[in-house]
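Notes follow once the structure below has been shown.
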Amino acid sequence: YGESDIAYAYRQLSRALHPDKNPDLDKAQAAFHRLSEASEELRQGLQEQRNALKLIVGVMGGTATEMMLERPQEALFAEACRLLCAVCGIVTEGEVSHVAQARAQIKFQRSSRMFYSCHMQTLMSEWFEKTHLLDLYASVPIRTAYDCAPKCFRAQFLCLLNRAAMAEAKRFNDCVRGSWPKIMQTFPEMGLWRELRQAIHTRVWDTTGEPAAAPQEPVEEAVRRSKSRKRSRSRSRRRRDRDRGRGNKREDGTYELDDGRRHREDTNWYEKNPIGSRGRGPMAERERKRDLAWDSRWTTSEDDGPKPQKATQEQPPEEVGRDPREVISAHPSGYRACKWARKWRSAMAAILPSGFDAAVPLTDTEVRKLGLLLWKDIVSWAEHTEINRYLGLFRADHQSS
């Protein structure tokens, strides 16, 4: 609402509550006086909302337009959410590597249209070193803008507030400033949001009633087992090919097998089979060493002899990553996800990219489908439990015409 809306409502109510129109009512004078006070309170609140909007937009390097200031409730709520998104994006959440954090900061600096080209250091200084921005979220103007917003956006605002509180606790070793209890009093819905979040977290890691998981073998053992399986499958084929390579092909297409002793009588066998083409195995290795030792005996004085081999540095063993199934089903602290959680975590792993060189926007079709189906599944589960009352944060108000 704006100045024109307040003036229109005052004119309509003053006609009905004016003392001259109600001479028989003793309370008409007091009601009309109260109407004037309410009109003045709305105008004063409107000015406070405009000041808060200018402050939030100015911190991010922007300027509030005349259209935004005409009816500031919607713009104030949007800019308050934008500021929380900026803070959470810069501070980051969870376990984020330095590479990903550096990329996020570069992306934030390039997002000039979204955050009014604000400077990260200035924003972090205004948010963490001062209290005027945090105190603003505990004020009446922000609460009024929250009440004027649709319920779906209210839930997003509560989620952002909770994320900002968790980010501050992570930054300062589980300590938050004294303004957060005031925010909790201004927005008691945050308590419901946290209880809903905790209920979902409990369901994810609750494996009561499920069979115990079989012990997972190490990744190195699994790789070794798979390689041995592949060797056993092709062992007969390799033996057949080796036997064919030992013998000479006859005119009828068959092979004359060699038992490994025929070449002792054949003086040209070493010329026909140089060292590099004698295959593998203990017998071939012994033959290679014997030939090298024999050749080294006949080197002349002009020859440098066999060149010494360069000392090769021991290469560190290749780091073997964790089994993807183990990553999906287990928490680093040792908890094991339930069957319902493993299903959705597998879907997230299949749709969301992994690694530092891949990313996907929030507007991606598959990501939005994943979020919709996951939320439907959560709602269907919550409707039959005691946390059904928490869903009132998201249900739209039904207004009768």
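The numbers here are math on the coordinates, done by the rules we state, and not lab data. Keep in mind it's a predicted model, so treat the numbers as computed, not measured. Note that we place each Cβ from the backbone using ideal geometry, even for glycine, and neighbour counts take in every protein chain shown.
Annotation: amide H-H contacts under 5 Å for Arg336 (H modelled 1.01 Å from N, sequence separation of 5 or more, or interchain): His331. Relative contact order for the range 324-401: 15 percent, from Cα pairs under 8 Å spaced at least 6 residues apart, divided by residue count.
Seen through its C-alpha gyration tensor, with square-root eigenvalues sorted a ≥ b ≥ c, the range 93-150 comes out prolate because a/c lies at 1.5 or above while a/b is bigger than b/c. What the phi angles of the range 94-101 give under the Karplus curve with 6.51, -1.76 and 1.60, with θ = phi - 60°, is a coupling list of x, 8, 10, 6, 5, 5, 5, 5 Hz, glycine and proline written as x.
Between rounded, prolate and oblate, where does the range 14-87 land on the alpha carbon gyration tensor, with a ≥ b ≥ c its root eigenvalues, rounded for a/c under 1.5, else prolate if a/b exceeds b/c? The shape class here is prolate. Sparse packing (at most 12 other Cβ atoms within 10 Å of the Cβ) combined with a DSSP loop state is found for the following GluC sites (Glu not before Pro) in the range 26-107: Glu93, Glu95. Counted residue by residue at 0.36 nm each, then reduced by the alpha carbon distance between them, the extension gain from Gln109 to Asp174 reaches 20.6 nm. Approximating the spin labels as points 7 Å out from Cα along Cα→Cβ, the Ser333-to-Ser346 distance works out to 2.6 nm. Applying both filters, DSSP loop and at most 11 other Cβ atoms within 10 Å, to the chymotrypsin sites (Phe, Trp or Tyr not before Pro) of the range 332-401 gives Phe356. Counted over all Cα-Cα pairs of the range 11-136, pairs farther apart than 20 Å make up 59 percent.
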